[in-house]
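Peer 1: Below: one structure in C-alpha coordinates.
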Amino acid sequence: MPAPNPAALEFLLTRRSRPAKLLQPPAPDDAELRTLLTAAARAPDHGKLEPWRFIVLRGAALARLAALTRELGGARGLDPDKVEKDASAFDGSPLAVAVIFSPKPSEKAPEVEQLLSAGAVCLGLLNAALAAGWGANWLTGWMAHDREFLTRGLDLAPHEGVAGFIHIGTERAAPPERPRPDLDRIVTWADA
(Lines give C-alpha, C1' and ligand atoms only; values in the text may rest on other atoms or scores of the structure.)
Protein backbone atom coordinates (compact mmCIF):
# COMPACT_ATOMS: atom_id res chain seq x y z
CA MET A 1 0.00 0.00 0.00
CA PRO A 2 1.36 3.46 -0.83
CA ALA A 3 2.29 5.72 2.04
CA PRO A 4 -0.44 8.19 3.01
CA ASN A 5 0.03 11.70 1.65
CA PRO A 6 -2.11 13.99 3.82
CA ALA A 7 -0.98 17.14 1.99
CA ALA A 8 -2.10 15.73 -1.36
CA LEU A 9 -5.44 14.64 0.09
CA GLU A 10 -5.96 18.07 1.67
CA PHE A 11 -5.20 19.68 -1.70
CA LEU A 12 -7.81 17.48 -3.43
CA LEU A 13 -10.40 18.20 -0.73
CA THR A 14 -9.91 21.97 -1.05
CA ARG A 15 -8.94 22.46 -4.71
CA ARG A 16 -10.83 25.20 -6.53
CA SER A 17 -10.66 26.18 -10.19
CA ARG A 18 -10.01 29.83 -10.88
CA PRO A 19 -12.35 31.48 -13.41
CA ALA A 20 -10.53 32.17 -16.68
CA LYS A 21 -11.69 35.79 -16.57
CA LEU A 22 -9.69 36.25 -13.34
CA LEU A 23 -6.40 35.03 -14.86
CA GLN A 24 -3.64 37.38 -15.94
CA PRO A 25 0.08 37.18 -16.74
CA PRO A 26 2.46 35.82 -15.83
CA ALA A 27 1.85 32.23 -16.88
CA PRO A 28 4.16 29.25 -16.55
CA ASP A 29 7.30 29.40 -18.67
CA ASP A 30 8.20 26.48 -20.94
CA ALA A 31 10.11 24.55 -18.24
CA GLU A 32 7.29 24.99 -15.70
CA LEU A 33 4.68 24.05 -18.28
CA ARG A 34 6.65 20.94 -19.26
CA THR A 35 6.42 19.78 -15.62
CA LEU A 36 2.65 20.36 -15.58
CA LEU A 37 2.20 18.52 -18.89
CA THR A 38 4.32 15.63 -17.60
CA ALA A 39 2.04 15.34 -14.56
CA ALA A 40 -1.08 15.46 -16.77
CA ALA A 41 0.27 12.76 -19.08
CA ARG A 42 0.39 10.32 -16.14
CA ALA A 43 -3.38 9.88 -16.50
CA PRO A 44 -5.01 6.45 -16.62
CA ASP A 45 -4.59 5.12 -20.15
CA HIS A 46 -5.94 1.61 -20.78
CA GLY A 47 -3.72 0.01 -23.39
CA LYS A 48 -1.03 2.72 -23.20
CA LEU A 49 -2.51 4.32 -26.34
CA GLU A 50 -1.98 7.99 -25.45
CA PRO A 51 -5.28 8.96 -27.12
CA TRP A 52 -4.58 12.64 -26.47
CA ARG A 53 -2.04 15.32 -27.21
CA PHE A 54 -1.42 18.95 -26.29
CA ILE A 55 -1.45 22.22 -28.21
CA VAL A 56 0.08 25.08 -26.20
CA LEU A 57 -1.59 28.39 -27.05
CA ARG A 58 -0.07 31.79 -26.29
CA GLY A 59 -0.15 35.35 -27.63
CA ALA A 60 -1.07 35.52 -31.31
CA ALA A 61 -2.52 31.99 -31.29
CA LEU A 62 -5.01 32.98 -28.56
CA ALA A 63 -5.90 36.20 -30.41
CA ARG A 64 -6.45 34.19 -33.61
CA LEU A 65 -8.79 31.76 -31.81
CA ALA A 66 -10.71 34.65 -30.24
CA ALA A 67 -11.22 36.21 -33.70
CA LEU A 68 -12.30 32.85 -35.15
CA THR A 69 -14.75 32.39 -32.27
CA ARG A 70 -16.33 35.76 -33.08
CA GLU A 71 -16.40 35.03 -36.83
CA LEU A 72 -17.95 31.57 -36.56
CA GLY A 73 -20.28 32.48 -33.71
CA GLY A 74 -21.66 35.36 -35.79
CA ALA A 75 -21.99 33.17 -38.89
CA ARG A 76 -23.92 30.59 -36.86
CA GLY A 77 -26.30 33.17 -35.42
CA LEU A 78 -25.28 32.44 -31.84
CA ASP A 79 -26.15 34.84 -29.04
CA PRO A 80 -23.64 37.71 -29.40
CA ASP A 81 -23.13 37.99 -25.62
CA LYS A 82 -22.27 34.29 -25.39
CA VAL A 83 -19.94 34.52 -28.38
CA GLU A 84 -18.16 37.48 -26.82
CA LYS A 85 -17.82 35.67 -23.49
CA ASP A 86 -16.35 32.63 -25.25
CA ALA A 87 -13.98 34.76 -27.36
CA SER A 88 -12.84 36.77 -24.35
CA ALA A 89 -11.68 33.57 -22.63
CA PHE A 90 -9.06 33.30 -25.39
CA ASP A 91 -8.40 37.06 -25.58
CA GLY A 92 -7.87 37.41 -21.85
CA SER A 93 -5.87 34.25 -21.21
CA PRO A 94 -2.11 34.45 -20.77
CA LEU A 95 -1.81 30.74 -21.69
CA ALA A 96 -4.14 27.92 -22.67
CA VAL A 97 -3.45 24.29 -23.41
CA ALA A 98 -5.84 22.55 -25.77
CA VAL A 99 -6.07 18.92 -24.72
CA ILE A 100 -6.79 17.12 -27.97
CA PHE A 101 -8.73 13.86 -27.92
CA SER A 102 -7.08 11.73 -30.58
CA PRO A 103 -8.51 8.20 -30.39
CA LYS A 104 -6.47 5.26 -31.61
CA PRO A 105 -7.76 2.03 -33.16
CA SER A 106 -7.91 -0.59 -30.41
CA GLU A 107 -9.76 -3.80 -29.73
CA LYS A 108 -8.74 -3.57 -26.07
CA ALA A 109 -9.74 0.04 -25.25
CA PRO A 110 -13.03 1.27 -26.74
CA GLU A 111 -13.24 4.90 -27.80
CA VAL A 112 -15.28 5.85 -24.71
CA GLU A 113 -12.41 4.68 -22.46
CA GLN A 114 -10.01 6.73 -24.54
CA LEU A 115 -12.24 9.78 -24.18
CA LEU A 116 -12.35 9.28 -20.42
CA SER A 117 -8.54 9.12 -20.46
CA ALA A 118 -8.44 12.49 -22.25
CA GLY A 119 -10.77 13.89 -19.58
CA ALA A 120 -8.44 12.56 -16.91
CA VAL A 121 -5.58 14.38 -18.65
CA CYS A 122 -7.58 17.61 -18.47
CA LEU A 123 -8.19 17.19 -14.75
CA GLY A 124 -4.58 16.18 -14.21
CA LEU A 125 -3.33 19.33 -15.94
CA LEU A 126 -5.80 21.51 -14.06
CA ASN A 127 -4.80 20.02 -10.71
CA ALA A 128 -1.08 20.14 -11.51
CA ALA A 129 -1.35 23.84 -12.34
CA LEU A 130 -3.30 24.57 -9.16
CA ALA A 131 -0.88 22.50 -7.05
CA ALA A 132 2.02 24.47 -8.54
CA GLY A 133 0.39 27.72 -7.39
CA TRP A 134 -1.12 28.89 -10.67
CA GLY A 135 -4.71 29.83 -11.32
CA ALA A 136 -6.32 27.45 -13.78
CA ASN A 137 -9.66 26.67 -15.38
CA TRP A 138 -10.98 23.91 -17.67
CA LEU A 139 -13.30 25.25 -20.37
CA THR A 140 -14.85 23.88 -23.54
CA GLY A 141 -17.68 25.84 -25.14
CA TRP A 142 -19.37 25.33 -28.50
CA MET A 143 -16.01 25.87 -30.24
CA ALA A 144 -14.73 22.57 -28.83
CA HIS A 145 -17.44 20.80 -30.87
CA ASP A 146 -17.47 22.95 -33.99
CA ARG A 147 -15.70 21.09 -36.81
CA GLU A 148 -14.80 24.27 -38.71
CA PHE A 149 -13.27 25.81 -35.56
CA LEU A 150 -11.32 22.60 -34.90
CA THR A 151 -10.03 22.42 -38.48
CA ARG A 152 -9.27 26.09 -39.13
CA GLY A 153 -8.30 27.06 -35.61
CA LEU A 154 -6.35 24.03 -34.43
CA ASP A 155 -5.65 22.04 -37.62
CA LEU A 156 -7.19 18.90 -36.12
CA ALA A 157 -7.68 15.71 -38.10
CA PRO A 158 -11.30 14.67 -38.77
CA HIS A 159 -11.22 12.03 -36.00
CA GLU A 160 -9.86 14.46 -33.36
CA GLY A 161 -11.65 16.79 -30.95
CA VAL A 162 -11.03 19.03 -27.98
CA ALA A 163 -11.43 17.49 -24.54
CA GLY A 164 -10.76 20.84 -22.93
CA PHE A 165 -9.02 24.18 -23.02
CA ILE A 166 -7.02 24.50 -19.80
CA HIS A 167 -6.38 28.19 -19.11
CA ILE A 168 -3.43 28.88 -16.80
CA GLY A 169 -2.13 32.11 -15.34
CA THR A 170 -1.92 34.23 -12.22
CA GLU A 171 -5.20 34.88 -10.46
CA ARG A 172 -6.24 38.50 -9.87
CA ALA A 173 -8.54 37.54 -7.02
CA ALA A 174 -9.51 34.37 -5.22
CA PRO A 175 -13.01 33.24 -6.16
CA PRO A 176 -15.59 32.58 -3.47
CA GLU A 177 -16.22 28.98 -2.49
CA ARG A 178 -19.17 27.39 -4.23
CA PRO A 179 -21.60 24.74 -3.03
CA ARG A 180 -20.27 21.19 -3.28
CA PRO A 181 -22.19 17.96 -3.89
CA ASP A 182 -24.14 16.47 -1.01
CA LEU A 183 -22.70 12.96 -0.71
CA ASP A 184 -25.82 11.66 1.05
CA ARG A 185 -27.77 12.50 -2.12
CA ILE A 186 -25.36 10.97 -4.67
CA VAL A 187 -23.83 7.92 -2.95
CA THR A 188 -25.35 4.47 -2.82
CA TRP A 189 -23.64 1.99 -0.49
CA ALA A 190 -24.02 -1.45 -2.08
CA ASP A 191 -22.53 -3.84 0.46
CA ALA A 192 -24.42 -6.89 -0.73
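The values are calculated or read from the model by the stated rules, or taken from the named source; none is laboratory data. In this text, all values refer to a predicted model and were calculated from it rather than measured experimentally. For neighbour counting, all protein chains shown are included, and Cβ atoms are generated from backbone atoms with ideal geometry for every residue, glycine included. Side chains are part of the model used for accessible areas, which takes the heavy atoms of the whole protein and leaves out ligands, DNA and RNA. Shrake-Rupley method; radii C 1.70, N 1.55, O 1.52, S 1.80 Å.
Peer 1: Just to verify a result, which residue in the stretch 72-86, among those that are in contact (Cβ under 8 Å) with a residue 40 or more places away in the chain and open to solvent by less than 60 Å² (accessible area, probe 1.4 Å), is nearest to L150 (Cα to Cα)?
Peer 2: Only one residue tops the list, namely L72.
Peer 1: While we're looking at this one, here's another question. Would it be correct to say that D30 is open to solvent by 50 Å² or more (accessible area, probe 1.4 Å), among the acidic types (D, E), at pLDDT 95 or above and in contact with a strand residue (DSSP E or B) (Cβ under 9 Å, 6 or more places away or on another chain)?
Peer 2: Yes.
Peer 1: Sticking with this one: Which members of the stretch 87-115 meet the condition of being open to solvent by 10 Å² or more (accessible area, probe 1.4 Å), outside any helix (DSSP H, G or I) and not small (G, A, S)?
Peer 2: Scanning the stretch 87-115 gives P94, F101, P103, K104, P105, E107, K108, P110.
Peer 1: Looking at the stretch 139-169, which of its residues are within 21 Å of L123 (Cβ to Cβ) and among the polar types (S, T, N, Q)?
Peer 2: Across the stretch 139-169, the qualifying residue is only T140.
Peer 1: Which one is farthest from P94 (Cα to Cα) among residues in the stretch 4-57 that are of a type in the set (A, V, I, L, M, F, W, C) and part of a loop (DSSP other than H, G, I, E, B)?
Peer 2: The qualifying residue farthest from P94 (Cα to Cα) is L49.
Peer 1: Then there's this: Any chance the stretch 163-185 includes a residue that's assigned to a loop (DSSP other than H, G, I, E, B) and surrounded by 20 or more Cβ atoms within 10 Å (Cβ to Cβ)?
Peer 2: no
Peer 1: May I pose another question? Here are some conditions: (1) among the aliphatic types (A, V, I, L, M); (2) within 16 Å of the chain's Cα centre (by Cα); (3) exposed (fewer than 15 other Cβ atoms within 10 Å of the Cβ). A144 meets all but one. Which one does it not meet?
Peer 2: (3)
Peer 1: Additional query: Can you tell me which of (1) over 18 Å from the mean Cα position of the chain (by Cα); (2) of a type in the set (A, V, I, L, M); (3) open to solvent by 50 Å² or more (accessible area, probe 1.4 Å) is the one L49 doesn't meet?
Peer 2: That leaves (3) as the condition not met.
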